[in-house]
Amino acid sequence: MIQLIVGEKGKGKTKHLLDKVNAEIKQVNGSIVYLDKSTKHMYELNNKVRLIVAPDYLIDNSDAFLGFVSGIISQDHDLEQMYFDSFLKISCLEGQSIDPVVAKLEKLSEKFGVDFVLSVSLNESELAEDLKSKIIVSL
């Protein structure tokens, strides 16, 4: 399953994402990974959540990002959820369509049973119609 938190930059998407991940950690049996562009929110995350700073791994295009995500999934068979803060930045999709990457994440989700929650700096009106059903918060 893919869920989207959307809205312009600075509208509070990260707060919603952090609240959701910290609530979910109490309910899941497996592990949770949180990808971000920096360690800025490290102390706001529950210590059971694995924080990964994506830019540290030299990801320079969306294919590299998908490979990185696939690698994380392959190494953790207990992985249940992944949270992506600043999705456009960490996936190298700024100024591009997110549809192809979200479609591939959907396939990974179905195949490996990992849920993805993405914080996307776009307005709901900027998304394709098929993605609008995945929105859980629109700011």
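Condition first: touching a helix residue (DSSP H, G or I) at 6+ places or on another chain (Cβ under 6 Å) and either surrounded by fewer than 16 Cβ atoms within 10 Å (Cβ to Cβ) or in a helix (DSSP H, G or I) (or both). Now tell me which residues in the stretch 7-21 satisfy that.
L18 - this is the single residue of the stretch 7-21 that is touching a helix residue (DSSP H, G or I) at 6+ places or on another chain (Cβ under 6 Å) and either surrounded by fewer than 16 Cβ atoms within 10 Å (Cβ to Cβ) or in a helix (DSSP H, G or I) (or both).
Among what's in the stretch 111-128 and is within 15 Å of L66 (Cα to Cα) and of a type outside the set (A, V, I, L, M), pick the residue that is surrounded by the fewest Cβ atoms within 10 Å (Cβ to Cβ).
Across the stretch 111-128, the extreme among qualifying residues is K111.
What are the residues in the stretch 4-40 that are of a type in the set (G, A, S) and in contact with a strand residue (DSSP E or B) (Cβ under 8 Å, 6 or more places away or on another chain), if any?
Passing the criteria: G7, G30, S31, S38.
Find the residue count for the stretch 22-37, including only residues that are more than 22 Å from K104 (Cβ to Cβ) and either assigned to a helix (DSSP H, G or I) or modelled with pLDDT of 95 or more (or both).
First pass over the stretch 22-37, keeping only residues more than 22 Å from K104 (Cβ to Cβ): 22-29.
Narrowing the set further to residues that are either assigned to a helix (DSSP H, G or I) or modelled with pLDDT of 95 or more (or both) leaves 22-24.
Final tally of qualifying residues: 3.
Scan the stretch 129-139 residue by residue and report those that are open to solvent by less than 80 Å² (accessible area, probe 1.4 Å), part of a loop (DSSP other than H, G, I, E, B) and under 17 Å from M1 (Cα atoms).
Of everything in the stretch 129-139, just one residue is open to solvent by less than 80 Å² (accessible area, probe 1.4 Å), part of a loop (DSSP other than H, G, I, E, B) and under 17 Å from M1 (Cα atoms), namely K134.
Checking the structure you have, find out if any residue of the stretch 89-107 is in contact with a Lys or Arg (Cβ under 6 Å, 6 or more places away or on another chain) and under 22 Å from L18 (Cα atoms).
yes
For D99, indicate whether it is loosely packed, with under 14 Cβ neighbours inside 10 Å, among the acidic types (D, E), without any contact (Cβ under 8 Å) to a residue 60 or more places away in the chain and within 20 Å of L45 (Cα to Cα).
In short, no.
The values are calculated or read from the model by the stated rules, or taken from the named source; none is laboratory data. Nothing here was measured: the structure is a model prediction, and the numbers come from that model. Note that we place each Cβ from the backbone using ideal geometry, even for glycine, and neighbour counts take in every protein chain shown. With ligands, DNA and RNA removed, areas are computed over all heavy atoms of the protein, side chains included. Shrake-Rupley method; radii C 1.70, N 1.55, O 1.52, S 1.80 Å.
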